[in-house]
Amino acid sequence: MKKKITSFLTAAAMLFAVSVPLCQAEAATEEYGALQVSASSGHTASIKADGSLWTWGWNTSGQLGDGTTTSSSTPIKVMDDVVSVSAGDRHTAAIKTDSSLWTWGQHIGNGINSSSKTPVKVMEDVSNISANGEHIAAIKTDGSLWTWGSNQYGQLGDGTKTERLSPVKVMDNVISVSAYRYHTAVIKTDGSLWTWGINAYGALGNGTTTESLIPIKVMDDVVSVSAGCFYTAAIKTDGSLWTWGYNNLGQLGNGTTSGGIAGDNSTANPVKVMDDVVSVSVGDDHTVAIKTDGSLWAWGDNNEGGFGDGNVTDSTVPTQVMDNVSKVFAGFDATFIIKTDGSLWTWGRNNRGQLGDGTTTYSPVPIMIWGPGPVAPISGDRFELAHTTANIGQEVPVVLSKKGVTGIASTTFEIGFDPLALDFVSAETASGGMLESNLVEDGRIKIVWVNSGELADDADLITLKFRVKSTAQVGTTTPVEFLAHTATNNAFEDLDFEAVNGSVTIERGLLGDVNCDGSVDGLDLTLLMQYLVDKAEVTEAGLANAEVYPDGSITNKDALMLARYLNEEEGIVLGEIPA
């Protein structure tokens with residue numbers, strides 16, 4: 001660490017004599033399927049597939065949450081029903097399945113300037129959390145951003161430098177946040193990136209080195225951001241990676257070490273580093289990124305083996321480290337990855353047991369902490385498809401819900417139905433995930449859920465929309481069946497659970513609604529035409545004796561001929577046909 005501290009102090013003493021604090025690690029949260037991990041300068045927190053939260057490392061302020069101040073170099077279970085966690089310098093924050101936020105350690109945000117060795121409930125309706133150093137940022141389910149804790153450099157974004165013991169609202173329409181010790185970055189729903197706080201080396205990305213106590217807009221079309229030690233990295237919608245700010249050890253990845261002097265704005269504007277990037281994480285002074293092919297790249301400081309390539313050689317440009325990586329998180333000279341098989345690996349600085357391998361010895365090579373495919377719970381797990389009723393021709397939603405499952409992310413479901421009774425229309429989710437669905441042969445729907453978030457217990461998972469075909473039998477019940485579930489990337493193994501199937505009961509057939517004078521109204525005509533199309537035998541254009549008028553009606557003569565045609569050719573009776 002001597003090289004890093006020396007270069008930092010030299011830079012801080014030059015030019016404008018800016019007073020800049022020593023950095024610690026970023027504590028952004030990274031997720032993979034049912035597994036999530038977050039690390040700070042001295043401790044680490046991770047969620048297993050069953051929703052249990054485990055912590056390890058430094059514990060001088062009770063940041064492990066186990067009721068003690070005893071440090072541990074191996075994981076300790078803290079609580080259950082957790083869906084998100086973020087580790088700060090001397091505190092930890094976690095969101096439970098009911099969207100409640102719990103904190104412990106220092107700066108817990110409960111309005112009292114105190115600490116807690118066990119989790120304390122702070123607020124409700126929280127969807128995202130980022131904690132680092134001595135401040136915390138939380139996004140509520142309505143998109144509002146709230147911050148609290150230390151505010152010496154305006155990192156809370158509330159326009160002051162006043163420490164806040166309770167959450168303060170900063171802005172609305174926020175979907176992502178990364179809070180570093182002295183500055184904060186958020187992405188709004190329109191894809192715009194906003195930053196605030198300390199800016200001695202241009203970490204805010206607005207072309208200056210002037211701090212800001214309120215959010216300032218930096219760029220558009222951003223999908224991911226990571227704030228680190230006086231520098232920031234962001235991924236745009238086209239997959240390009242951009243960096244800016246402090247660069248004394250090449251952590252920006254632009255091939256230089258410029259921008260290492262306080263007040264130097266030479267790297268205060270975003271610079272493109274590479275393409276095809278899907279994930280990035282900024283640490284103390286090294287950066288790691290995953291490309292679309294699953295390859296892991298690292299650059300910056302490597303004096304404690306933070307790259308994981310077996311050596312301690314720095315690099316000012318991205319260097320490929322390994323393949324088959326799904327998620328990555330850069331800590332304080334340490335790195336945490338989740339491979340495509342679901343296994344968790346750590347390497348780098350380990351002076352406080354933050355790697356979780358039972359030692360305090362640094363490692364320049366990866367160490368596996370948890371093996372592939374964390375398994376979700378079996379007891380009590382089940383999925384449920386709602387039962388509903390519908391008329392012929394009606395679009396009807398059939399909701400796929402989960403019961404007792406809290407670790408659903410990227411995964412595949414297969415749903416079966418009777419193609420003679422139902423047409424599949426669409427699949428939707430209101431829970432933040434993206435669905436890719438297509439009709440598979442023999443009445444099977446394959447639905448791929450691509451989602452980095454988590455669902456509360458019993459939340460509606462997927463709404464399937466069907467249209468009841470005119471070939472369905474009135475008075476019958478047609479099943480919608482849960483056929484299979486397969487987790488992608490081995491987020492967890494196939495579950496041995498009870499799948500409760502749904503159904504659609506056909507209440508009435510509107511094809512029989514013929515008026516006493518033999519006419520057919522517009523609604524009924526639509527359904528008649530639908531029937532013929534479903535049968536694929538006669539098209540609307542082929543009904544030469546049934547001219548359709550603009551108002552949807554047909555003449556008595558045409559109605560009679562149409563009714564007789566359906567009766568004679570298709571065996572369908574449209575009510576009593578007048579003489």
(request) For segment 254-315, restrict the atom set to alpha-carbon positions and state the Rg and Dmax in Å. (result) 12.9, 38
(request) Name the shape class, rounded, prolate or oblate, that the alpha-carbon gyration tensor gives for segment 97-201, where a ≥ b ≥ c are the square roots of its eigenvalues, rounded holds for a/c under 1.5, and otherwise prolate holds if a/b is larger than b/c and oblate otherwise. (result) oblate
(request) Express in nm, to one decimal, how much length is gained between Val365 and Asn311 on full extension, taking 0.36 nm for each residue of separation and deducting their alpha carbon distance. (result) 18.6 nm
(message) Can you tell me, using C-alpha contacts under 8 Å and at least 6 residues apart, the relative contact order of segment 116-170 as a whole percent?
(response) 24
(request) Distance from a point 7 Å along Cα→Cβ of Asp190 to each backbone N in segment 208-227: keep the residues under 15 Å and list them by number. (result) 216-222
(request) Anything over 19 Å Cα to Cα? Flag those among Lys96/Lys140; Lys117/Lys327; Lys188/Lys236; Lys291/Lys339, in the order listed. (result) Lys117/Lys327
(request) Quick one: which residues, 5+ away or cross-chain, put their amide H under 5 Å from the amide H of Asn247? H built at 1.01 Å from N. (result) Gly260
(message) Charges at C-beta only: +1 for Lys and Arg, -1 for Asp and Glu. How large is the resulting dipole of segment 78-203 about its Cα centre, in Debye rounded to 20?
(response) 340
(message) Which order do the peptides 257-266, 129-138 come out in when sorted by mean C-beta neighbours inside 10 angstrom, highest first?
(response) 129-138, 257-266
(message) Charges on Cβ only, +1 for Lys and Arg, -1 for Asp and Glu, centred on the Cα centroid of segment 189-281; of Thr243, Gly260, Leu193, which one is farthest towards the dipole's positive end?
(response) Gly260
(request) Calculate one ³J(HN,Hα) per residue across segment 353-366 by plugging θ = phi - 60° into the Karplus curve 6.51 cos²θ - 1.76 cosθ + 1.60, and present them in order as whole Hz with x for glycine and proline. (result) x, 6, 6, x, 9, x, 10, 10, 9, 5, 9, x, 10, x
(message) Could you compute how much accessible surface Tyr362 exposes when probed at 1.4 Å, giving the result in Å² to the nearest 10?
(response) 110
(request) Pull out the extension gain between Ser258 and Leu483, defined as 0.36 nm times the separation in residues minus the alpha carbon to alpha carbon distance; nm, one decimal. (result) 75.2 nm
(request) List every residue whose amide H lies under 5 Å from the amide H of Ser503, counting only residues 5 or more places away in sequence or on a different chain, with H placed 1.01 Å from N in the peptide plane. (result) His387, Thr388, Val480
(request) Roll a 1.4 Å probe over the protein heavy atoms and report the accessible area of Lys188 in Å², nearest 10. (result) 40
(message) Quick check: the distance between the Cα centres of segment 88-142 and segment 261-295, to the nearest angstrom?
(response) 28
(message) Per residue of segment 274-289, what does 6.51 cos²θ - 1.76 cosθ + 1.60 with θ = phi - 60° give for ³J(HN,Hα)? Whole Hz please, x for Gly and Pro, Karplus curve as stated.
(response) 7, 10, 6, 9, 10, 8, 9, 9, 9, x, 5, 8, 9, 10, 10, 8
(request) Sort 165-173, 248-256 for me by packing, meaning the mean count of neighbouring Cβ atoms within 10 Å per residue, highest on top. (result) 248-256, 165-173
(request) Go through segment 60-77 residue by residue and turn each phi into a ³J(HN,Hα) via Karplus (6.51, -1.76, 1.60, θ = phi - 60°); whole Hz please, and just put x for glycine and proline. (result) 5, 10, x, 5, 7, x, 9, x, 10, 10, 8, 6, 9, 8, 10, x, 10, 6
(request) Under 13 Å from the Cβ of Lys117, count the other residues' Cβ atoms, weight Lys and Arg +1, Asp and Glu -1, and hand me the total. (result) 0
(request) Please identify which residues in segment 256-280 have an amide N closer than 19 Å to a label point set 7 Å out from the Cα of Gln320, following the Cα→Cβ vector. (result) 273-280
(request) Take the Cα of Asp238, step 7 Å along the line toward its Cβ, and report every residue of segment 285-327 whose backbone nitrogen sits under 18 Å from that point. (result) 292
(request) Name the residues whose placed amide hydrogens come within less than 5 Å of the amide hydrogen of Asn128, ignoring near sequence neighbours (fewer than 5 apart) on the same chain. (result) Ile139
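The values are calculated or read from the model by the stated rules, or taken from the named source; none is laboratory data. Quick caveat, the model's predicted, so the values are computed rather than measured. Glycine gets a Cβ as well: all are built from the backbone with ideal geometry, and neighbour counts include every protein chain shown. SASA here: full protein model, heavy atoms, side chains in, ligands and nucleic acids out. Shrake-Rupley method; radii C 1.70, N 1.55, O 1.52, S 1.80 Å.
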